[in-house]
Amino acid sequence: MMENRLKGIKAFVFDVDGVLTDGGILADLNGELFRTFDSKDGFGLRMAYMHGYRLGVISGGRSESIRKRFCQCGMKPEDVYLGSRDKIEDFEDFCRKYDLGPEEIMYFGDDLPDIPVMKACGCGVAPSDAVDDVLEAADLVSPKPGGKGCARHAIELVMKLQGTWDLDVQDYKRKF
C-alpha cells in the first residue's frame with residue numbers, strides 16, 4: 001500500500017524550521033534570524049528538481065533568506081510560501097497551480113500547524129524528532145531528525161522506488 005502511494009508522488013513540499021533545519025534559530029540584535037541547513041537535504045532537493053518533481057516550501061517563517069536558500073535548490077520563488085498561518089490554504093494553492101492532486105504530494109512537517117497538510121497529502125513525512133502528535137499523524141517517520149537528512153532520506157526513497165535516483169553530472173552543471 002505505502003509503496004503504491006510513493007510511486008504516485010510528483011512533488012515534495014516542506015515546512016522549514018524543524019524539518020529542513022534542526023529547529024534552532026539564532027537572532028542578532030537587529031532581529032535578523034539565522035538558520036542552518038543540511039547540505040545533503042539540499043542535494044536531495046536538487047536531485048528531485050533535476051528529475052522534474054515540483055518543489056515547494058510552506059513556512060511560518062518570514063525571512064527572505066529562506067526563499068533565497070531554496071531557490072538555490074531549484075524552487076521557484078513563488079513556490080516558497082512565507083509567513084504561512086494556514087498551511088492547508090497554501091498547500092491547496094500549490095496543488096491548483098500545478099494541477100496536482102493532494103495524493104501526488106509528499107509533505108514534510110514536524111509541529112502542529114503541519115498536521116492538516118500531512119492528513120491531506122499523499123504521504124506525510126515527519127523527522128524522527130517531530131512532536132508526538134505529528135509522529136502519530138505521519139504516514140512515514142524518517143529515522144533522521146530535522147535538519148539532519150530527513151528530507152534527503154524520504155526524497156531518495158521515493159526516487160529510488162520510481163527509478164529516478166541517478167545523477168547526470170552534465171545536467172547538474174547546467175542547472176546549478
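What is the dipole size for the range 67-135, taken about its Cα centre, with +1 at each Lys and Arg Cβ and -1 at each Asp and Glu Cβ, in debye to the nearest 20? Intermediate values should be presented prior to the final figure.
Values: 9 positive and 16 negative charges, 84 e Å.
Dipole magnitude for the range 67-135 comes out near 400 debye.
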Share, in percent, of DSSP beta bridges within the chain that are antiparallel, nearest 5: 10
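Compute the normalised compactness of the chain: alpha-carbon radius of gyration over 2.2 N^0.38 Å, N being the residue count. Spell out each step's value before the answer.
Working: Rg = 15.0 Å, N = 176, 2.2 N^0.38 = 15.7 Å.
The reported ratio for this selection is 0.96.
Enumerate by residue number the trypsin sites (Lys or Arg not before Pro) in the range 54-124 meeting two conditions: DSSP loop (anything except H, G, I, E, B), and at most 14 other Cβ atoms within 10 Å of the site's Cβ. The partial results should precede the final answer.
Working: sites: R54, R62, R67, K68, R69, R85, K87, R96, K97, K119; in loops: R62, R85.
Qualifying residues, ordered by number: R62, R85.
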For I105, residues with placed amide H under 5 Å, excluding near neighbours: K10, G122, C123
Integer Hz, Karplus 6.51/-1.76/1.60 couplings in order for the range 43-60, x for Gly and Pro: 5, x, 5, 5, 4, 4, 4, 5, 9, x, 6, 7, 10, x, 10, 10, 10, x
Scattering profile of the range 1-83 at q = 0.13, 0.17, 0.22, 0.27 Å⁻¹ [log10 I(q)/I(0), Debye over alpha-carbon scatterers]: -0.44, -0.70, -1.07, -1.40
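In debye to the nearest 20, how big a dipole does the chain give about its Cα centre with +1 on each Lys and Arg Cβ and -1 on each Asp and Glu Cβ?
Working: 24 positive and 31 negative charges, 170 e Å.
With Lys and Arg at +1 and Asp and Glu at -1, about 820 debye.
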Dipole axis of the range 1-98 (+1 Lys, Arg; -1 Asp, Glu on Cβ), positive-most option in S84, G52, C73: G52
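Determine the relative contact order of the range 1-141: mean sequence separation of Cα pairs under 8 Å and six or more apart, normalised by residue count, in whole percent. Intermediate results must be reported in sequence, preceding the final value.
Working: 247 pairs, mean separation 34.1, N = 141.
It rounds to 24 percent for the range 1-141.
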Residue among F12, F34, F91 with the largest mean-square fluctuation in a Gaussian network model of the chain, springs linking Cα atoms under 10 Å: F34
Distant-in-sequence amide H partners of V57 (H built 1.01 Å from N, under 5 Å): F14, V80, Y81
Compactness of the range 27-125, expressed as Rg and Dmax over alpha-carbon positions, Å: 13.7, 44
Cα lying deepest toward the dipole's positive end in the range 32-131, options V131, G61, S39, charges on Cβ: S39
Count of Lys pairs (Cα-Cα under 14 Å; at least 8 positions apart or interchain) in the range 52-176: 4
HN-Hα J in Hz across the range 141-147 - Karplus 6.51, -1.76, 1.60, θ = phi - 60°, x for Gly and Pro: 10, 5, x, 9, x, x, x
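Per residue, what accessible area does the chain have, given a 1.4 Å probe and all protein chains present, in Å²? Walk me through the numbers before you get to the answer.
Details: 8610 Å² over 176 residues.
That works out to 49 Å² per residue.
Counting only protein heavy atoms, what percent of the accessible surface of the chain is carbon or sulfur at a 1.4 Å probe? It would help to have the intermediate numbers written out before the result.
Details: 4290 of 8610 Å².
Ligands and nucleic acids excluded, carbon and sulfur give 50 percent.
The values are calculated or read from the model by the stated rules, or taken from the named source; none is laboratory data. All values derive from a computational prediction rather than experimental measurement. Positions of Cβ are backbone-derived with ideal geometry, glycine not excepted, and every protein chain shown enters the neighbour counts. Ligands, DNA and RNA are excluded from the accessible area calculation, which covers all protein heavy atoms including side chains. Shrake-Rupley method; radii C 1.70, N 1.55, O 1.52, S 1.80 Å.
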